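Working notes, beginning with the structure itself.
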Amino acid sequence: MAHQDTDGPSLPLYLTEMNRAMADYGLYLAARPLLARLPVGDGHPVLVLPGLLADDVSTRVLRRTLRRLGYRVHGWRLGRNIGPTAECVEGMSRRIDDLSDRYGRPISLVGWSLGGIFARDLARKTPDSVRQVITLGSPFALQRDTQTRANKAFERYSHLHVEKRTLPLQSESTPLQVPATSIYSHHDGIVAWQACLDRLSPQTENIAVYASHLGMGHNPAVIYAVADRLAQPEGTWRPFKPPLALRPAFPRADVPQPSFTAAAAA
């Protein structure tokens, strides 16, 4: 009984994920005329990492939108994300090094689901190369396998993984040295929203939205939040505050329970 509050999404949420993701895309199409009004930043480089079993095709809408805002946007170029394989781990490290050398300035990382966990790992390994981390439905604070309905898919490729992970994730025992934004949804049908909450600090925040897990990359509220976070001048990070007209799209963010964050930090 004690675990019910932080177990995985309900079966109805899980079974309706695809339909709700399509609805999110419909919202995106309806909102396209307003995309020109998104916050514009300084055009710095942005690396977008896909979720489990996804590739750069899944992040195309988000990358295209950010590119239109003037950012130097890049996909990860490592094919389908099947977990921390040698090709994935080494490839992401090379990608960060290549982009750092090319632009000579820190890179913002946007990671969807498992891609967000990878983004946070990269920020710990190369903090001087990372400007900020934005995660979309990423369960980096996962406590148990039962908090995600993607565990079987992840384990299917575990024999190829060069990094074996135990729960809670040991990497999360080290706080990020760069600003971090976690965007999550109570309507996520893949991972428990509680597992997406970052511990509170002067450089961290949690932003709640109404979105499916599979629709995070093209949900209009998510896109606005990502654009707003990227538009902040370097070195002047402040917590997210939506404009009055958009506040209904952003419910009040949850506060992580002490027991939850303490376990992640142990």
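Between a first residue in region 206-229 that is closer than 18 Å to Asn19 by Cα and a second residue that is assigned to a strand (DSSP E or B) and open to solvent by 10 Å² or more (accessible area, probe 1.4 Å), which pairs have beta carbons less than 7 Å apart while being 6 or more apart in sequence or on different chains? Correct list of pairs: Met216/Trp112; Gly217/Trp112. How many of the residues making up region 41-50 are out of contact with any strand residue (DSSP E or B) (no Cβ under 7 Å at 6 or more places or on another chain) and among the aliphatic types (A, V, I, L, M)? Counting residues in region 41-50 that are out of contact with any strand residue (DSSP E or B) (no Cβ under 7 Å at 6 or more places or on another chain) and among the aliphatic types (A, V, I, L, M) gives 0.
Taken over region 67-97, residues that are of a type in the set (Lys, Arg), in contact with a Leu (Cβ under 9 Å, 6 or more places away or on another chain) and more than 13 Å from Gly115 (Cβ to Cβ) amount to 2. For region 56-85, what are the residues that are over 23 Å from His213 (Cα atoms), open to solvent by less than 40 Å² (accessible area, probe 1.4 Å) and not polar (S, T, N, Q)? Within region 56-85, Leu69, Gly70, Tyr71 meet the criteria. Restricting region 241-266 to residues that are within 24 Å of Ala21 (Cα to Cα) and open to solvent by less than 30 Å² (accessible area, probe 1.4 Å) leaves a set whose member that is modelled with the lowest pLDDT is Pro242. Taken as a whole, the structure leaves Leu246 outside the set of residues that are part of a loop (DSSP other than H, G, I, E, B) and not acidic (Asp, Glu). The residues of region 156-170 include none that are surrounded by 15 or more Cβ atoms within 10 Å (Cβ to Cβ) and small (Gly, Ala, Ser). Among the residues making up region 184-212, those that are part of a loop (DSSP other than H, G, I, E, B) and buried (at least 20 other Cβ atoms within 10 Å of the Cβ) are Asp188, Gly189, Ile190, Ala192, Leu197, Asp198, Ala211, Ser212. Within region 117-155, if we keep just the residues that are farther than 17 Å from Asp7 by Cβ and touching an Asp or Glu at 6+ places or on another chain (Cβ under 7 Å), the residue that is surrounded by the most Cβ atoms within 10 Å (Cβ to Cβ) turns out to be Phe140. Note on region 214-234: among residues that are open to solvent by 10 Å² or more (accessible area, probe 1.4 Å), assigned to a loop (DSSP other than H, G, I, E, B) and touching a strand residue (DSSP E or B) at 6+ places or on another chain (Cβ under 9 Å), the one that is nearest to Ala54 (Cα to Cα) is Gln232. Identification of helices (runs of 4 or more DSSP H) wholly contained in region 51-159 with 1 or more residues that are at pLDDT 95 or above, touching a strand residue (DSSP E or B) at 6+ places or on another chain (Cβ under 6 Å) and more than 20 Å from Gln177 (Cα to Cα) yields 60-68, 86-103.
State whether the residues of region 23-31 include one that is among the aromatic types (Phe, Trp, Tyr), crowded, with 19+ Cβ neighbours inside 10 Å and part of a helix (DSSP H, G or I). Give the steps one after another, and end with the answer.
From region 23-31, those among the aromatic types (Phe, Trp, Tyr) are 25, 28; that's our starting set.
Subset that is crowded, with 19+ Cβ neighbours inside 10 Å: 28.
Still in the running and part of a helix (DSSP H, G or I): 28.
The answer is yes, given that some residue of region 23-31 is among the aromatic types (Phe, Trp, Tyr), crowded, with 19+ Cβ neighbours inside 10 Å and part of a helix (DSSP H, G or I).
The values are calculated or read from the model by the stated rules, or taken from the named source; none is laboratory data. These numbers come from a predicted model, not from an experiment. Neighbour counts run over all protein chains shown; Cβ positions are idealised from the backbone, glycine included. Side chains included, ligands, DNA and RNA excluded: accessible areas come from the protein's heavy atoms. Shrake-Rupley method; radii C 1.70, N 1.55, O 1.52, S 1.80 Å.
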